[in-house]
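For reference, the structure is listed below as structure tokens.
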Amino acid sequence: MTDANCYALREAIPADIEAITDLVNRAFAIERFFKSSDRTNPAQVTGMMHDGKFLLLTSVSRVLACVFVQQHQDRMYAGLLALDPDWKVSGTGARMMDETENYARAAGCKWIDIHIVSVRPELRRLYRKRGFVETGTEPAEDLEGTDRPVHFITMSKPL
């Protein structure tokens, strides 16, 4: 099963913390042009698992993608979407977002919300194509080690 079409979606468990940390840091290495440190660490992932859940898209025993989700009444926040760099062009990102949106619908959510970092304009275009619209900005307080001013652009999509 090396095909990304052979996948399973599951919620992460504590035993997945190291795999999530590794995947996120490898996926977010693209942000080294403005951020000098890793995107996350096991303590941060553990804390996030107490506040919400990580969904994992797996193929056999390999984690292909993950996303953090947190429900707020009829809205689902989805963040820290990370794709295995080796699977990036295989449609895994679109599949993970489809699965995340389906997960949010099944939880009774009417909206899905995301934050993208301001210095990554390609993300804004990508999410617009998926039906997201900009709804505002927020400070990027949890992004340590940046070498320039950055903020989050908030985007939402009706489900």
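The values are calculated or read from the model by the stated rules, or taken from the named source; none is laboratory data. Model, not experiment: these values are computed from the prediction. We place every Cβ from the backbone using ideal geometry, glycine too, and count neighbours over all the protein chains shown.
Details
- Checking each residue in the stretch 85-97 for being surrounded by 12 or more Cβ atoms within 10 Å (Cβ to Cβ) and either assigned to a helix (DSSP H, G or I) or modelled with pLDDT of 90 or more (or both) picks out P85, W87, K88, S90, T92, G93, A94, R95, M96, M97.
- Residue list for the stretch 103-137, filter: assigned to a loop (DSSP other than H, G, I, E, B) and either of a type in the set (A, V, I, L, M) or at pLDDT 95 or above (or both): A107, G108, C109, K110, V119, R130, G131, F132
- Residue check, F68 at pLDDT 95 or above and touching a Gly at 6+ places or on another chain (Cβ under 8 Å): yes
- All told, V67 falls short of being within 17 Å of H115 (Cα to Cα), of a type outside the set (G, A, S) and part of a helix (DSSP H, G or I).
- Yes/no for T100 being among the β-branched types (V, I, T), assigned to a helix (DSSP H, G or I) and out of contact with any strand residue (DSSP E or B) (no Cβ under 6 Å at 6 or more places or on another chain): no
- Answer residue from the stretch 13-29, given it is part of a helix (DSSP H, G or I) and without any contact (Cβ under 8 Å) to a residue 40 or more places away in the chain and is surrounded by the most Cβ atoms within 10 Å (Cβ to Cβ) among those: T21
- Scanning the stretch 4-41 for residues that are among the β-branched types (V, I, T) and in contact with a Lys or Arg (Cβ under 7 Å, 6 or more places away or on another chain) yields a single hit, V24.
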